[in-house]
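As structure tokens, the structure follows; a few thoughts come after it.
The values are calculated or read from the model by the stated rules, or taken from the named source; none is laboratory data. Predicted, not measured: the structure shown is a model, and the values here were computed from it. Here the Cβ positions follow ideal geometry from the backbone for every residue, glycine too, while neighbour counts run over all protein chains shown.
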Ligand code: SF4
Ligand code: SF4
């Protein structure tokens with residue numbers, strides 16, 4: 001989801017467009033333990049992972065509603081042995097299918113069989129450009145295998161996005177990462193600075209880079225992009241804490257994005273499950289059509305009738321939709337508040353305080369890795385953090 | 001992701017005179033639900049106007065800008081000379097990385 005600029009609807013009654021993006025989180029199982037993982041902290045306590053047949057039905061129903069881009073994600077989607085079956089059906093249905101993987105569970109053979117099943121594109125994520133740091137952040141020895149797998153992905157003929165998740169400890173390696181991307185012949189590079197939800201929120205004090213680091217990284221990214229113009233596209237996602245306007249989150253709630261979690265819960269964004277006062281529908285008990293068009297959860301923040309001041313009377317509300325509902329909730333306790341990243345928000349100081357808090361946190365503070373044990377331990381703690 | 005209409009980018013990458021092809025990982029497909037052609041690429045989708053789709057569908061790995069303009073002129077003789085429009089659009093498509 002790179003480009004912005006969606007056409008704006010001018011009426012207060014939201015026009016329900018098709019769910020162009022279906023993100024299928026096929027499993028929360030993952031051999032890695034990234035401390036910035038966007039999966040919910042309490043994932044270990046969630047319901048049963050859905051079987052092949054149910055996912056096939058989700059793919060068919062969403063496609064009928066107009067879904068076009070399919071993200072196969074997780075956890076680590078390669079953990080699922082039925083991935084090829086799902087991809088084959090996605091191809092038949094006319095999806096553009098994207099596999100979002102850490103590369104663990106891939107081998108040259110599997111890359112070829114996914115290609116044969118019609119998979120369109122693979123995104124491989126790296127934790128760093130340096131083996132030891134990569135493996136430290138990932139919580140296992142993964143780097144060498146990832147490099148091999150990125151080569152296998154290209155050899156099988158896929159367009160490849162390399163995604164580097166950036167934070168305080170690895171931003172200074174940006175040149176190395178971009179050099180690695182060139183070496184691996186990536187078609188696109190996503191430099192995704194960590195967004196603070198899920199595990200990343202738990203580790204925010206240790207992960208949030210300084211403003212100086214971010215500006216320096218921007219300069220490097222621009223320099224490489226100018227040099228590489230026709231070969232490789234680089235997208236640099238700045239952490240929004242350092243902006244004075246929020247991101248147009250998900251292009252608006254219930255606008256284009258539909259996420260289905262491993263247990264079938266349908267969400268308008270990755271982090272929405274934490275919002276209180278919601279009953280998120282499940283694909284096993286409601287049709288995709290009901291979920292998208294009539295469920296309370298997907299309609300709650302559609303359009304802009306729900307907005308409060310300063311958003312309600314703001315001329316920019318069609319541009320950023322008041323920002324991110326989850327971020328608003330995490331900072332202010334009110335999901336309908338203005339995203340406090342916005343400098344028009346009376347609560348902007350909360351974001352600035354988070355920045356100062358990270359600034360004064362030293363590397364001695366332990367990082368909490370994403371694994372089932374920590375999931376159980378920190379489920380309660382996160383509830384406290386999002387006061 | 002974007003459904004943006006084509007805007008003219010300011011910095012054109014020079015468009016070559018050789019055969020044009022859709023860029024790696026890009027494809028065009030008609031969408032019943034939206035009633036139009038769309039261009040799909042890794043993690044992105046662009047809704048195409050009728051004329052944009054018409055031109056892009058001529059991009060087949062064989063034809064050059066000149067061939068494509070000639071084809072469009074043959075298809076729409078009543079519209080006058082479309083060569084400049086076709087080239088202008090292909091330049092934008094090229095600058096956006098849709099064609100190579
Ligand atoms: S972010 Fe890391 S831990 Fe989370 S699913 Fe991806 S690879 Fe696994
Ligand atoms: S006040 Fe609300 S709508 Fe206006 S710029 Fe800030 S977040 Fe966006």
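All conditions in (1) surrounded by 20 or more Cβ atoms within 10 Å (Cβ to Cβ); (2) at pLDDT 95 or above hold for residue A:124, with the sole exception of (2). Scanning the range A:252-263 for residues that are crowded, with 21+ Cβ neighbours inside 10 Å and either more than 14 Å from ligand 2 (Cβ to nearest atom) or farther than 23 Å from residue A:347 by Cβ (or both) gives A:254, A:255, A:256, A:257, A:258, A:259, A:260, A:261, A:262. The test for being in contact (Cβ under 8 Å) with a residue 40 or more places away in the chain and part of a helix (DSSP H, G or I) does not hold for residue A:78. Looking only at residues that are within 13 Å of chain B (Cβ to nearest Cβ) and surrounded by 23 or more Cβ atoms within 10 Å (Cβ to Cβ) in the range A:59-70, which one is nearest to ligand 2 (Cβ to nearest atom)? Here the answer is A:69. For the range A:169-194, a residue qualifies if it is under 19 Å from residue A:137 (Cα atoms) and part of a strand (DSSP E or B), and the qualifying residues are A:190, A:191, A:192, A:193.
Applying the set (1) assigned to a loop (DSSP other than H, G, I, E, B); (2) more than 29 Å from residue A:235 (Cβ to Cβ); (3) free of Cβ contacts under 8 Å to residues at least 12 places away in the same chain to residue B:63 leaves exactly one unmet item: (3). Any chance the range A:302-309 includes a residue that's under 21 Å from residue A:339 (Cβ atoms) and either touching a helix residue (DSSP H, G or I) at 6+ places or on another chain (Cβ under 8 Å) or within 16 Å of ligand 1 (Cβ to nearest atom) (or both)? Yes, some residue in the range A:302-309 is under 21 Å from residue A:339 (Cβ atoms) and either touching a helix residue (DSSP H, G or I) at 6+ places or on another chain (Cβ under 8 Å) or within 16 Å of ligand 1 (Cβ to nearest atom) (or both).
Restricted to the range A:127-140, and to residues there that are touching a residue at least 24 places away in the same chain (Cβ under 8 Å) and either over 18 Å from the mean Cα position of the chain (by Cα) or more than 10 Å from ligand 1 (Cβ to nearest atom) (or both), the residue that is surrounded by the most Cβ atoms within 10 Å (Cβ to Cβ) is A:128. I'd like the full set of residues that are within 25 Å of residue A:201 (Cβ to Cβ) and at pLDDT below 75, limited to the range A:1-41. Within the range A:1-41, A:1, A:2, A:4 meet the criteria. Where helices (runs of 4 or more DSSP H) fall wholly inside the range A:269-387, the ranges with 3 or more residues that are within 14 Å of chain B (Cβ to nearest Cβ) and more than 13 Å from ligand 2 (Cβ to nearest atom) are A:288-293. Is it the case, given these coordinates, that residue A:89 is without any contact (Cβ under 8 Å) to a residue 60 or more places away in the chain, on the phi > 0 side of the Ramachandran plot and in contact with a helix residue (DSSP H, G or I) (Cβ under 7 Å, 6 or more places away or on another chain)? For residue A:89, the condition - without any contact (Cβ under 8 Å) to a residue 60 or more places away in the chain, on the phi > 0 side of the Ramachandran plot and in contact with a helix residue (DSSP H, G or I) (Cβ under 7 Å, 6 or more places away or on another chain) - is not met.
All told, residue A:144 meets the bar of being assigned to a helix (DSSP H, G or I), in contact with a helix residue (DSSP H, G or I) (Cβ under 7 Å, 6 or more places away or on another chain) and at pLDDT below 90. The residue that is farthest from the chain's Cα centre (by Cα), among those in the range A:195-212 that are in a helix (DSSP H, G or I) and surrounded by 19 or more Cβ atoms within 10 Å (Cβ to Cβ), is A:206.
When the range A:101-113 is filtered for residues that are touching a residue at least 12 places away in the same chain (Cβ under 8 Å) and either more than 16 Å from ligand 1 (Cβ to nearest atom) or surrounded by fewer than 21 Cβ atoms within 10 Å (Cβ to Cβ) (or both), the ones remaining, listed by number, are A:104, A:105, A:107, A:108, A:110, A:111, A:112, A:113. Every listed requirement among (1) more than 14 Å from chain B (Cβ to nearest Cβ); (2) outside any helix (DSSP H, G or I) is met by residue A:53 save one, (2).
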